[in-house]
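Chemist: Would you mind keeping the following structure in view while I ask a few things?
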Amino acid sequence: MIGLIFTLDYELYGDGSGNLKDLVLEPADILLEKFAEHSAPLVIFVEAAEFELIDKYKTDADIDLIQRQIGMAYKSGHEIGLHIHPQWYRATRNNERWIVDRSEYNLCRLADERIREIVKRAISYLRNILGDPNYAPVSFRAGNWLFQPTQPAARILYECGIRIDSSIFKGGQFKEYAVDYRRLPKNRYYWRFEEDVVKENAAGKMLEIPIYSRMVPFWQMITKKRLQFEKGKESGPIHNDKWRNIKKFLRLRYPKKLDFCRMTERELKEMIEEILKEDRKSASGYKPIVAIGHTKDLIDVGSVEFLLKYLFDNRIPVNTFRQIYNRLT
Ligand SMILES: [Zn+2]
């Protein structure tokens, strides 16, 4: 039996550009309304660092509304997860623009003490805006999906109450950061880990529930909707290179994440049907399927509505990480 977990990365662009109203506040409002209509909860990965800085420097008039929206979502029963883009904490202002600190881009590459300081600071900011001194996030998503080297970051997160990570996705690879998710435990929907998030360790303290992804030929990644984000990046080499290279290009496979903001209705339906087909092969046990979306990517709420209705019609439950944690341990 499968169940969906909708995770929403709630943030501006990683370089500090954009405004809160268009990229966070309004799309989140639309999503919160749709999820409420279907009585479905979200896991909202609130990027704590940027909102703290924006509040401190008062660089965006909508910061108060953002903090209120997070508080309302929390009170309505959505889960607030911990999401950190550490490059924000030492960001500076220049000509009305943010200059983020690229040397702190990957939390996992920082020193123990710096990681601890950042994680505690983010949690304390969230406690503050939620008005709940006992708030303790149970789930974590690393900024930029970078969760290697996994230690000491995972140990520090555990100390701070985190039990579930959902930073990684099958097929992910970020060469410049030496991060590689191409080989994950086979046929597993979640697993325990210790030293390295991609290696199952039954004695590990933390649980990994990856973002659901499938490897697909590159052409499947090209939809009109997706091209609005990719700006034609993937079509470049076809025009420039020779036929031999085109054939090589056609064989390339990409990880396609289950993304409820970027995928079309048809893509969403096809992916869920594939998941259901696999589920029928080994129908025992609960299988969490993590979908991802970004407030800044929401263009067509129709496909989100379609997915929620499809899940409801097919009696597929939607839960938060907190709700399913005990079932998996
Ligand atoms: Zn993010």
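No lab work stands behind these numbers, since they all come straight from the coordinates. On a predicted model such as this, the values are computed, not experimentally measured, just so you know. Note: ideal-geometry Cβ built from the backbone for every residue, glycine included; neighbour counts use all protein chains shown.
Chemist: Report the FRET efficiency, 1/(1 + (r/R0)^6), for Lys309 and Ala283, where r is their Cβ-Cβ distance and R0 is 30 Å, rounded to 0.05.
Modeler: Values: r = 23 Å, r/R0 = 0.78.
Efficiency computed from Cβ-Cβ geometry: 0.80.
Chemist: Evaluated at 25 °C with a viscosity of 0.890 mPa s, what Stokes-Einstein diffusion coefficient in µm²/s does segment 19-87 have when Rh comes from the Kirkwood expression over alpha-carbon pairs? Walk me through the numbers before you get to the answer.
Modeler: Numbers: Rh = 12.6 Å.
D = 195 µm²/s.
Chemist: With respect to the cross-link table entries Lys120/Lys205; Lys170/Lys256; Lys120/Lys175; Lys205/Lys256; Lys186/Lys277; Lys175/Lys205, which display a Cα-Cα separation exceeding 21 Å?
Modeler: Beyond 21 Å: Lys120/Lys175; Lys205/Lys256; Lys175/Lys205.
Chemist: Using modelled backbone amide H atoms (1.01 Å from N, in-plane), which distant-in-sequence or interchain residues come within less than 5 Å of Asp9's amide H?
Modeler: Phe45, Gly293, His294, Thr295
Chemist: May I ask you to work out the translational diffusion coefficient for the chain at 20 °C, viscosity 1.002 mPa s, via Stokes-Einstein with Rh from the Kirkwood sum over Cα pairs, reported in whole µm²/s?
Modeler: On the way: Rh = 20.6 Å.
For these conditions, the coefficient is 104 µm²/s.
Chemist: For Lys56, which aspartates and glutamates qualify as cross-link partners when the Cα separation must be under 13 Å and same-chain residues fewer than eight apart are set aside?
Modeler: Straight-line reach from Lys56, under 13 Å: Asp64.
Chemist: Under 18 Å Cα to Cα from Lys199, which aspartates and glutamates show up? Leave out anything in the same chain fewer than 8 places away.
Modeler: Asp165, Asp180, Glu208
Chemist: Any idea what the dipole of the chain comes to, in debye rounded to 20, about its Cα centre with Lys/Arg Cβ at +1 and Asp/Glu Cβ at -1? Before the final figure, lay out the partial values.
Modeler: Working: 54 positive and 47 negative charges, 297 e Å.
In total the dipole reaches around 1420 debye.
Chemist: Pairs of alpha-carbon atoms within less than 8 angstrom and 6+ residues apart define the contacts here; what relative contact order does the chain have, in percent? Walk me through the numbers on the way to the answer.
Modeler: Values: 574 pairs, mean separation 77.7, N = 329.
So the answer I get is 24 percent.
Chemist: Lys256's amide H: which non-local residues (gap 5+, or another chain) put their own amide H closer than 5 Å, with H modeled 1.01 Å from N in plane and none for Pro or chain starts?
Modeler: Arg214, Met215, Val216
Chemist: Ok, one more. Provide the gained length on full extension for the span Ala203 to Lys58, in nm with one decimal, where the gain is 0.36 nm per separating residue minus the Cα-Cα distance.
Modeler: On the way: separation 145, 0.36 × 145 = 52.20 nm, distance 4.57 nm.
The span from Ala203 to Lys58 would gain 47.6 nm if fully extended.
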